[in-house]
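Peer 1: This is the structure I have questions about; it appears just below.
The values are calculated or read from the model by the stated rules, or taken from the named source; none is laboratory data. The structure displayed is predicted, hence computed values, not measured ones. We place every Cβ from the backbone using ideal geometry, glycine too, and count neighbours over all the protein chains shown. Accessible surface is based on the protein model in full, side chains and every heavy atom, while ligands, DNA and RNA are left aside. Shrake-Rupley method; radii C 1.70, N 1.55, O 1.52, S 1.80 Å.
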Amino acid sequence: MSQLHILKHPLIDHKLTIIRNKETKTKEFRETVSEIAALLTYEITRNLSLKEKEIETPVSKTLGFELKDEVVIVPILRAGLGMVDGIHNLIPSAKIGHIGLYRDEETLEAKEYYAKFPLEIENSIVLLIDPMLATGNSTIKAIEILKEKKAKEIIFVGLVGSPEGVEKLQKAYPETKIYLAALDEKLNENGYIVPGLGDAGDRLFGTK
Ligand code: URA
């Protein structure tokens, strides 16, 4: 079974067009990224396991449900931060970890400069988030770090992917589920996704 899921939904396509548009300003860009992240989450969490929980309504006892596993949201800094609130609003019990990576200019490898996780990371379901799955290098490095922390399952959630990045990630970690709002045409010579949406971090934080 393919682990790549491109989530098609009219609202996602509508909102994706807003963030692709170069005329969209920082505030609307940031809000729309968060909204798309929430829409993706609704679909991604469809198959999460539940455990029974006995509660009392104002009227009687009843058997309800709660999520069986801890969910940990892990944004890759800095652009991943833009998707955190949208996901966290839907899963408020989730704890949040952070991974910071930089590119070694000699080897072009992704290197860790920051990693901090909640204790619950072991045996948790991790939603690893980064809006852009471009070369795949940082996602692969982040998964390597999360595996060392013994996460039970790692699910990658992004907005836009490149065929090159998806292929590389699938080769490195075939078991990892990949959820995207769109799979674009290609990477250009500068490592940008085409048509993409430009530099997600700059557009989220107004740094350009
Ligand atoms: N990172 C971005 O922010 N945009 C791209 O197109 C590729 C990587």
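Let's see how each residue does on (1) farther than 24 Å from Ile178 by Cβ; (2) open to solvent by less than 20 Å² (accessible area, probe 1.4 Å):
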| site | (1), (2) |
| --- | --- |
| Leu40 | no, yes |
| Ile44 | no, yes |
| Thr57 | yes, no |
| Leu77 | no, no |
| Met83 | no, yes |
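Peer 1: While we're looking at this one, here's another question. Within region 112-154, how many residues turn out to be at positive phi and within 13 Å of the ligand (Cβ to nearest atom)?
Peer 2: Step one: filter region 112-154 for residues at positive phi, giving 123, 136, 150.
Subsequent filtering for residues that are within 13 Å of the ligand (Cβ to nearest atom) retains 136.
Number of matching residues: 1.
Peer 1: Sort through Phe117, Phe205 and tell me the only one that's at pLDDT 95 or above, closer than 17 Å to Leu77 by Cβ, aromatic (Phe, Trp, Tyr) and open to solvent by 50 Å² or more (accessible area, probe 1.4 Å). Steps first, answer last, please.
Peer 2: Numbers: Phe117 fails: open to solvent by 50 Å² or more (accessible area, probe 1.4 Å).
After applying the criteria, what remains is Phe205.
Peer 1: Using the structure shown, decide if Ile73 is farther than 21 Å from Lys171 by Cα, touching a helix residue (DSSP H, G or I) at 6+ places or on another chain (Cβ under 6 Å) and outside any loop (DSSP other than H, G, I, E, B). Steps first, please.
Peer 2: Working: farther than 21 Å from Lys171 by Cα: yes; touching a helix residue (DSSP H, G or I) at 6+ places or on another chain (Cβ under 6 Å): yes; outside any loop (DSSP other than H, G, I, E, B): yes.
Yes, satisfied.
Peer 1: Please state which one of Asn47, Asn21 is over 21 Å from Gly165 (Cα atoms) and modelled with pLDDT of 95 or more.
Peer 2: On the way: Asn47 fails: modelled with pLDDT of 95 or more.
Testing whether each residue is over 21 Å from Gly165 (Cα atoms) and modelled with pLDDT of 95 or more leaves just Asn21.
Peer 1: Still on this model: Taking the condition closer than 23 Å to Phe29 by Cα, touching a residue at least 40 places away in the same chain (Cβ under 8 Å) and surrounded by 17 or more Cβ atoms within 10 Å (Cβ to Cβ), does Leu187 pass? Break it down into steps so the answer makes sense when it comes.
Peer 2: Details: closer than 23 Å to Phe29 by Cα: yes; touching a residue at least 40 places away in the same chain (Cβ under 8 Å): yes; surrounded by 17 or more Cβ atoms within 10 Å (Cβ to Cβ): yes.
The answer is yes for Leu187.
Peer 1: From the residues in region 155-182 that are of a type in the set (Val, Ile, Thr) and more than 15 Å from Val126 (Cβ to Cβ), which one is nearest to the ligand (Cβ to nearest atom)? Break it down stepwise before answering.
Peer 2: Our first condition is that a residue be of a type in the set (Val, Ile, Thr); within region 155-182, this holds for 155, 157, 160, 166, 176, 178.
Add one more test, that the residue is more than 15 Å from Val126 (Cβ to Cβ), and what stays is 160, 166.
On the way: Val160: 7, Val166: 13 Å.
Result: Val160.
Peer 1: Going by what's in this entry, would Asp104 be described as within 30 Å of Lys22 (Cα to Cα), more than 15 Å from the chain's Cα centre (by Cα) and surrounded by fewer than 16 Cβ atoms within 10 Å (Cβ to Cβ)?
Peer 2: Values: within 30 Å of Lys22 (Cα to Cα): yes; more than 15 Å from the chain's Cα centre (by Cα): yes; surrounded by fewer than 16 Cβ atoms within 10 Å (Cβ to Cβ): yes.
Against the criterion (within 30 Å of Lys22 (Cα to Cα), more than 15 Å from the chain's Cα centre (by Cα) and surrounded by fewer than 16 Cβ atoms within 10 Å (Cβ to Cβ)), Asp104 qualifies.
Peer 1: On to the next question. Identify, from the list Lys150, Lys53, Lys111, the residue that is in contact with a helix residue (DSSP H, G or I) (Cβ under 8 Å, 6 or more places away or on another chain), assigned to a strand (DSSP E or B) and basic (Lys, Arg). Walk me through how you get there before you give the answer.
Peer 2: Values: Lys150 fails: assigned to a strand (DSSP E or B); Lys53 fails: in contact with a helix residue (DSSP H, G or I) (Cβ under 8 Å, 6 or more places away or on another chain).
None of the other options fit; the residue is Lys111.
Peer 1: Select from region 189-200 the residues that are out of contact with any Asp or Glu (no Cβ under 7 Å at 6 or more places or on another chain) and either within 8 Å of the ligand (Cβ to nearest atom) or modelled with pLDDT of 95 or more (or both) and list them in ascending order. Please lay out each step first, then the result.
Peer 2: From region 189-200, those out of contact with any Asp or Glu (no Cβ under 7 Å at 6 or more places or on another chain) are 189-192, 197-200; that's our starting set.
If the condition is that a residue be out of contact with any Asp or Glu (no Cβ under 7 Å at 6 or more places or on another chain) and either within 8 Å of the ligand (Cβ to nearest atom) or modelled with pLDDT of 95 or more (or both), then Gly191, Tyr192, Leu197, Gly198, Asp199, Ala200 are the ones that fit.
Peer 1: Oh, and also: Kindly provide the set of residues from region 11-25 that are open to solvent by 50 Å² or more (accessible area, probe 1.4 Å) and either farther than 16 Å from Ala181 by Cα or in a helix (DSSP H, G or I) (or both), ordered by number.
Peer 2: So in region 11-25, the residues open to solvent by 50 Å² or more (accessible area, probe 1.4 Å) come out as 11, 13-14, 17, 20-23, 25.
Answer for region 11-25, where residues must be open to solvent by 50 Å² or more (accessible area, probe 1.4 Å) and either farther than 16 Å from Ala181 by Cα or in a helix (DSSP H, G or I) (or both): Leu11, Asp13, His14, Thr17, Arg20, Lys22, Glu23, Lys25.
Peer 1: Taking the condition of being open to solvent by less than 40 Å² (accessible area, probe 1.4 Å) and either over 18 Å from Ile99 (Cα atoms) or hydrophobic (A, V, I, L, M, F, W, C) (or both), how many residues in region 146-172 meet it?
Peer 2: Initially, region 146-172 is screened for residues open to solvent by less than 40 Å² (accessible area, probe 1.4 Å), giving 146, 151, 154-162, 165-166, 169.
Add one more test, that the residue is either over 18 Å from Ile99 (Cα atoms) or hydrophobic (A, V, I, L, M, F, W, C) (or both), and what stays is 146, 151, 154-157, 159-162, 165-166, 169.
Qualifying residue count, region 146-172: 13.
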